[in-house]
């Protein structure tokens, strides 16, 4: 499968990005990672911030590849799944992110107080590592998007 094939299926649409967009998205990731470490906030909200940072990192890779998801049900999952096609992420990382996504949905829509300290730590660690991986991938494959 390829991003081009995903576009043919209507899951993505081709759209070029810019340094400014990538810079803004990286700022969102950094803000969310910072928010995820604020001890005075509930673990639920910190988890949501960490997951948002990870999902935005996946968006950065997709945007740098010249695509964005089509607005439709499941577009956040497609963003996560696209990591295999953008940064060549292994399936274990994608599965972990999908599991975190389900937990985030349950926390946001179903019940409060169900995020453990271990789940929060996993979300923060995953988001931090993904940011690092995406930036290294940008430096190698799209350095023009990182220059000021």
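What follows draws every value from the coordinates through simple rules; no lab data is involved. Just so we're clear, the structure is a prediction, and the values are computed from it rather than from any experiment.
What does segment 39-78 give for Rg and for Dmax, in Å, if only its C-alpha atoms count?
12.8, 39
Mean residue ellipticity at 222 nm from the helices of the chain, using -39,500 (n - 2.57) per DSSP H segment of n ≥ 4 over the full residue count, to the nearest 500 deg cm²/dmol?
Details: 7 runs with 100 residues, N = 148.
Per the formula, -22000 deg cm²/dmol.
Cα convex hull of segment 76-148: how many Å³ per residue?
Considering the Cα atoms of segment 76-148, their hull volume per residue is 109 Å³.
Counting only C-alpha contacts under 8 Å and six or more residues apart, can you give the relative contact order of the chain as a whole percent?
Working: 177 pairs, mean separation 47.9, N = 148.
Computed value for the chain: 32 percent relative contact order.
Based on the alpha carbon coordinates of segment 3-143, what radius of gyration and maximum Cα-Cα distance (Dmax) apply, in Å?
Rg then Dmax for segment 3-143, in Å: 14.8, 46.
Which residue fluctuates the most in the chain, going by a Gaussian network model with Cα springs under 10 Å, if the choices are 116, 101, 57?
116
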